[in-house]
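Let me begin by presenting the structure, written as structure tokens, before commenting on it.
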Amino acid sequence: MNWIMAGALWGLIGVALGAFGAHGLKAVATEQGLAWWETAARYQLIHAVALVLLGLLQYHRPGGAGAGWSFLLGSAVFSGTLYAMALGAPRWLGAVTPVGGLAMMLGWLLLALHARG
């Protein structure tokens, strides 16, 4: 997987969704929904940068796919459930959100282990 490209595209989507939340949702979303959206966009963008950094690290130390997949899938689940709830999806999706958070934490652990060698 080209983690630099994946991170760049994930960042592009995160910026677009963040802008949509800041400008397009204000008239229709609740205050709680806007807060969920902002959190979702922030975590998506942080993990987009992490994917790019993983891609750069691979030039010096090949491997690290576990960290990349954990970042990508974890932030997709975490942010995706928050985006969905902000748009009116059932709140029980909030029970799934921590699964994404755990996957992101696993990604950071795997990145640390990969960087250590």
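Calculate, in nm to one decimal, what residue 76 and residue 95 gain on full extension: separation in residues at 0.36 nm each, minus their alpha carbon distance.
Values: separation 19, 0.36 × 19 = 6.84 nm, distance 1.48 nm.
So the extension gain works out to 5.4 nm.
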Original post:
When the chain is modelled as a GNM with alpha-carbon springs shorter than 10 Å, which of 84, 35, 95 fluctuates the most?
Top reply: 95
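If contacts are Cα pairs under 8 angstrom and at least 6 residues apart, what is the relative contact order of region 3-116 in percent? Don't skip to the answer; put the middle values down first.
Values: 150 pairs, mean separation 34.1, N = 114.
That works out to 30 percent.
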Original post:
Can you list the residues of region 62-86 with backbone N under 11 Å from a point 7 Å past the Cα of residue 30, pointing along Cα to Cβ?
Top reply: 86
**OP:** Considering only 52, 15, 28, give the residue with the highest GNM mean-square fluctuation for the chain, with springs between Cα atoms whenever their separation is below 10 Å.
**Re:** 28
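No value in this document is a laboratory result; all are computed from the given coordinates. Note that the structure is a prediction, hence the values are computed from the model and not measured. As a convention, Cβ positions derive from the backbone with ideal geometry for all residues, glycine included, and neighbour counts pool all protein chains shown.
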